[in-house]
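The values are calculated or read from the model by the stated rules, or taken from the named source; none is laboratory data. For clarity, every value in this text was computed on a predicted model and none was experimentally measured. Glycine gets a Cβ as well: all are built from the backbone with ideal geometry, and neighbour counts include every protein chain shown.
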Amino acid sequence: MFEVLFESSPHAQLRARWLTTSVVTHMLIVTLAVLATQAAFEAPKAVPDRAILLFVPKPPEPAPPEPKAEPAVASVVIAEPPPKGFQTIAAPADIPNLIPPIDLNQRPLDPRDFTGRGVEGGVAQGVVGGKGPVGLPVGLDAIYEATTALEGFQPAAVVSQPLPRYPAILAAIGIEGRVIVEFVIDTMGKVEPASIRAAESTHPAFESAARATMLASVFRPARLGIRPVRQLTRQSVRFVAAH
């Protein structure tokens, strides 16, 4: 009966193919298993991160450096200028036969001092009616107050001056204030930076704005006669919030 069934009969050709396929398949499986096992052993092991977090307190911030005090400007007010006039020269009795020594510290010769105009004994840069010393000429280092009542004195005048910049923080909350600034105007009509100081102030922020305004200002310098001189003056700067 088994010989009659078609599938029961031996098939030599099919068995050889199955055997070849089975052997190849098993070889592939074994090779893959060996490679996978070898890769597992060679793979680096994952080590958990055990870094220690050290919290160090933040060091305190250094204190801001103290602002350097600006050098004070000595206010030299000449109350009595020398008289306006001329110098006289006495004729020498004996004619020297040697060259006299030269005094390098002597003030330079001003030809106007020998024109014969004005009071005898005065100097060209003096003031009519003045009785001050003639040996010390009216120098550029002298500082005159704006209110100096001297004949021939003309105080400085503003040529151009920008509006002060209102501090944004104070403007936002509507704080108003005023600063009285004292400064020296040089012979070129500019404000000397080292001379600026706040005589009165309602807030430090206003002082910086007033200082910047004075440094950007241009003045016509004060004059004593025809000569420009330095002037010490005060100016009030008001800060009014817009409503």
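So here's what we get for this one:
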| quantity | calculated |
| --- | --- |
| Odd one out for V158 among (1) buried (at least 19 other Cβ atoms within 10 Å of the Cβ); (2) among the β-branched types (V, I, T); (3) in contact with a Phe, Trp or Tyr (Cβ under 8 Å, 6 or more places away or on another chain) | (1) |
| Any chance T187 is hydroxyl-bearing (S, T, Y) and over 29 Å from P83 (Cα atoms) | no |
| Entirely in region 161-224, the strands (runs of 3 or more DSSP E) that have 2 or more residues that are within 17 Å of the chain's Cα centre (by Cα) | none |
| Which numbered condition F183 fails, given (1) surrounded by fewer than 17 Cβ atoms within 10 Å (Cβ to Cβ); (2) closer than 18 Å to S160 by Cα | (1) |
| Region 223-240 residues that are assigned by TED's automatic domain parsing to the domain that holds A149, paired with ones that are assigned to a strand (DSSP E or B) and surrounded by fewer than 13 Cβ atoms within 10 Å (Cβ to Cβ) (beta carbon under 8 Å, 6 or more apart) | R234/A199 |
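Matching residues to (1) closer than 17 Å to R223 by Cβ; (2) at pLDDT 75 or above; (3) touching a helix residue (DSSP H, G or I) at 6+ places or on another chain (Cβ under 7 Å):
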| residue | (1), (2), (3) |
| --- | --- |
| Q106 | no, no, no |
| G116 | no, yes, no |
| V119 | no, yes, no |
| G122 | no, yes, no |
| V134 | no, no, no |
| P137 | yes, no, no |
| E145 | yes, yes, no |
| E151 | yes, yes, no |
| R165 | no, yes, yes |
